[in-house]
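Here is the structure we will look at.
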């Protein structure tokens, strides 16, 4: 498997998933409430349209599909069974699933989206999840001292 299963923005996606996994119920409720408000706007609809176009034109459908597993692990209720219908399974998902999917997909193609579009799709998570800037990658920490060469 590739070391970049979600494309060139894999590191940002992994950081987002880690933070999403650590959200408490109060933060999740705040995200869901903001998403409910924002998703009714024409700006949100335009952002989603640009997002879909960017994914399709970039050929990153496989990266999009790879996101589903980790996201489902975070939003599916514990002990969920595969014997229920698709509609029942969707109804059981944590309500944060929809805004999380939009945010993750925006991160996946962030190098192809206008900053305003990315910002709109990440807005439900403002103040709850810290997202690195696309123009300034996060500092990389290494398990060895900077003066020491990396292991071979």
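The values are calculated or read from the model by the stated rules, or taken from the named source; none is laboratory data. In this text the structure is predicted, and so the values were computed from the model without any measurement. Neighbour counts are summed over all protein chains in view; Cβ atoms, including those assigned to glycine, are modelled from backbone coordinates with ideal geometry.
Here are the numbers:
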| item | result |
| --- | --- |
| Single unsatisfied condition, residue 10 versus (1) closer than 15 Å to residue 108 by Cα; (2) in contact (Cβ under 8 Å) with a residue 60 or more places away in the chain | (2) |
| The lone exception for residue 93 - which of (1) touching a helix residue (DSSP H, G or I) at 6+ places or on another chain (Cβ under 8 Å); (2) within 18 Å of residue 131 (Cβ to Cβ) it fails | (2) |
| The listed residue being closer than 20 Å to residue 48 by Cα, modelled with pLDDT of 90 or more, surrounded by fewer than 19 Cβ atoms within 10 Å (Cβ to Cβ) and under 16 Å from the mean Cα position of the chain (by Cα), out of 74, 101 | 101 |
| Residue match in region 34-47 (condition: in contact with a helix residue (DSSP H, G or I) (Cβ under 6 Å, 6 or more places away or on another chain) and under 20 Å from residue 133 (Cβ atoms)) | yes |
| Only listed residue being under 17 Å from the mean Cα position of the chain (by Cα) and in contact (Cβ under 8 Å) with a residue 40 or more places away in the chain, chosen from 62, 43, 52, 47 | 47 |
| Selection count where residues are over 11 Å from the mean Cα position of the chain (by Cα) and either outside any helix (DSSP H, G or I) or loosely packed, with under 10 Cβ neighbours inside 10 Å (or both), scope region 1-32 | 12 |
